[in-house]
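Below you'll find the structure, written out as structure tokens, and then a few comments.
The values are calculated or read from the model by the stated rules, or taken from the named source; none is laboratory data. Model, not experiment: these values are computed from the prediction. Note that we place each Cβ from the backbone using ideal geometry, even for glycine, and neighbour counts take in every protein chain shown.
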Amino acid sequence: VPTAPYELFDLAPCTPTIGAEVAGVDLARPLGPELRDELHRALLEWKVLFFRDQNLSAPQHRDFARNFGTPEIHPFLPKADGVDEVVRLSRGADSPAVENVWHSDASFETTPPMGSILRAVHVPDAGGDTLWADMGAAYDGLTAETRERLDGLLAVHDFTQTFGKNLSPEELAARQKKFPAVAHPVVRTHPETGRRLIYVNRVFTHHIDGQPDEESRELLAFLYDQARHDPRRPADLTPRLIDETGADQRTSCSSSTCRFQSRLTARQPSSSWPRRQ
């Protein structure tokens, strides 16, 4: 259900349920409380906000994220431009990427971050798109029988199948102690909107807790495909240099083709994403 009109910026939806371009906001300037609240409302409604032609430095990138939560230091990815909270992702023919698969950032954490802020640094002449899928709409598209089947199920999320591949045995053991596998509900409730949504992804979800391996694999494969099968759900962003994107990771999944960007994740207090809700 659409919310009230936005007074402090222009907003143009990209699809019926996810993704909107915001115009008339200079992210390099401090946001007043009214503008910050209105952007937060837009993020809840549209899940992903695209800001064109924003020329932010890495510190400004971090400072903008602070309007939505506390930026976290990523436990695995390299830092960018001397700012601990900002990571740099560079992808091409010689550097394949896991983000080319549908995923939700850091779902392997006990309390996953509420969102991510992406900044396009270098983009290819063609391609480099990022796709965003509305996992609330994906849940709405399930049959009543499937929803009932998913109710109460937990999925185990683990970093080892991605970030653990290049670690030494000693370093892997240390990281597993700090970030043990964690179980999240297969269907979660968004803490601010109350929306039910599918919360599994190919990158970090390992198995369904308590199910036989084959049954778990089949169910997860079906759920993963919900992000891409309905052409009405994905929002496709072709990035341009100095574009900025903000995404609510609690209700969206993303996938991309090769590009070079800076990214950070922002964390709200743990009460904003209650454990096992």
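Before moving on, here are some points about what is shown:
- Extreme residue, farthest from residue 112 (Cα to Cα), among residues of the stretch 22-62 that are part of a helix (DSSP H, G or I), in contact (Cβ under 8 Å) with a residue 12 or more places away in the chain and among the charged types (D, E, K, R): 34
- Here residue 136 fits the description: modelled with pLDDT under 95 and not in a loop (DSSP other than H, G, I, E, B).
- Cβ-Cβ under 6 Å pairs, at least 6 apart or on other chains, the stretch 5-21 side free of Cβ contacts under 8 Å to residues at least 40 places away in the same chain and more than 21 Å from residue 136 (Cβ to Cβ), far side surrounded by 15 or more Cβ atoms within 10 Å (Cβ to Cβ) and among the hydrophobic types (A, V, I, L, M, F, W, C): 8/35; 9/22; 9/25
Table: residues versus (1) over 15 Å from residue 248 (Cα atoms); (2) of a type in the set (A, V, I, L, M, F, W, C).
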residue	(1), (2)
11	yes, yes
17	no, no
21	no, no
39	no, yes
55	yes, no
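- Filter pass, residue 187 being at pLDDT below 95, hydrophobic (A, V, I, L, M, F, W, C) and under 18 Å from residue 133 (Cβ atoms): no
- Candidates are the residues of the stretch 9-21 that are in a strand (DSSP E or B) and out of contact with any Phe, Trp or Tyr (no Cβ under 8 Å at 6 or more places or on another chain); the one that is nearest to residue 67 (Cα to Cα) is 10.
- Selection within the stretch 145-204 - free of Cβ contacts under 8 Å to residues at least 24 places away in the same chain and among the hydrophobic types (A, V, I, L, M, F, W, C): 167, 172, 173, 174
- Of all residues in the stretch 86-126 being in a strand (DSSP E or B), closer than 26 Å to residue 156 by Cα and not hydrophobic (A, V, I, L, M, F, W, C), the one that is modelled with the lowest pLDDT: 103
- Being outside any strand (DSSP E or B) and either over 28 Å from residue 109 (Cβ atoms) or touching a Leu at 6+ places or on another chain (Cβ under 6 Å) (or both) is a condition met by at least one residue of the stretch 67-79.
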